[in-house]
1. What about residue 53, is it surrounded by 13 or more Cβ atoms within 10 Å (Cβ to Cβ) and free of Cβ contacts under 8 Å to residues at least 60 places away in the same chain?
2. Among all residue pairs at least 6 apart or on different chains, which show Cβ distances below 9 Å where the first residue, located in region 15-44, is free of Cβ contacts under 8 Å to residues at least 60 places away in the same chain and the second is basic (Lys, Arg) and part of a strand (DSSP E or B)?
3. Could you please let me know if residue 26 is in contact with a helix residue (DSSP H, G or I) (Cβ under 8 Å, 6 or more places away or on another chain) and surrounded by fewer than 17 Cβ atoms within 10 Å (Cβ to Cβ)?
4. Which fully enclosed strands (runs of 3 or more DSSP E) of region 9-76 have 1 or more residues being of a type in the set (Asp, Glu)?
Amino acid sequence: MCFAIPGQIQETWPDKGTVFATVDFAGTVRTVCLAFLPELGPGDWVIVQGGYAVSSVGPDEVDKVMESMRVADILP
């Protein structure tokens, strides 16, 4: 089973025709490939699988997920 935490895109850049992003996952920052969602940019929220952003998430949904994770004592 996978556990997905929404991450917020901080910056994007092209590299050899593919868009990459720095994404903040509740304080952990990772580089993510935006090949499937190249139209996204800073401030957008994503779900990532295997280093690729696979879906975007609206801010209302992010708030619900993060609150649920806090209640479950998964996040501080």
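Throughout, read-outs are computed from the coordinates displayed, never taken from laboratory work. What you see is a predicted model, and the numbers here were worked out from it, not measured in a lab. No Cβ is skipped: glycine too gets one built from the backbone with ideal geometry, and neighbour counts run over all protein chains shown.
1. Considered against the rule, which asks whether it is surrounded by 13 or more Cβ atoms within 10 Å (Cβ to Cβ) and free of Cβ contacts under 8 Å to residues at least 60 places away in the same chain, residue 53 comes out as yes.
2. Cβ pairs passing all conditions: 22/30; 23/30; 24/30.
3. It is true that residue 26 is in contact with a helix residue (DSSP H, G or I) (Cβ under 8 Å, 6 or more places away or on another chain) and surrounded by fewer than 17 Cβ atoms within 10 Å (Cβ to Cβ).
4. 18-25
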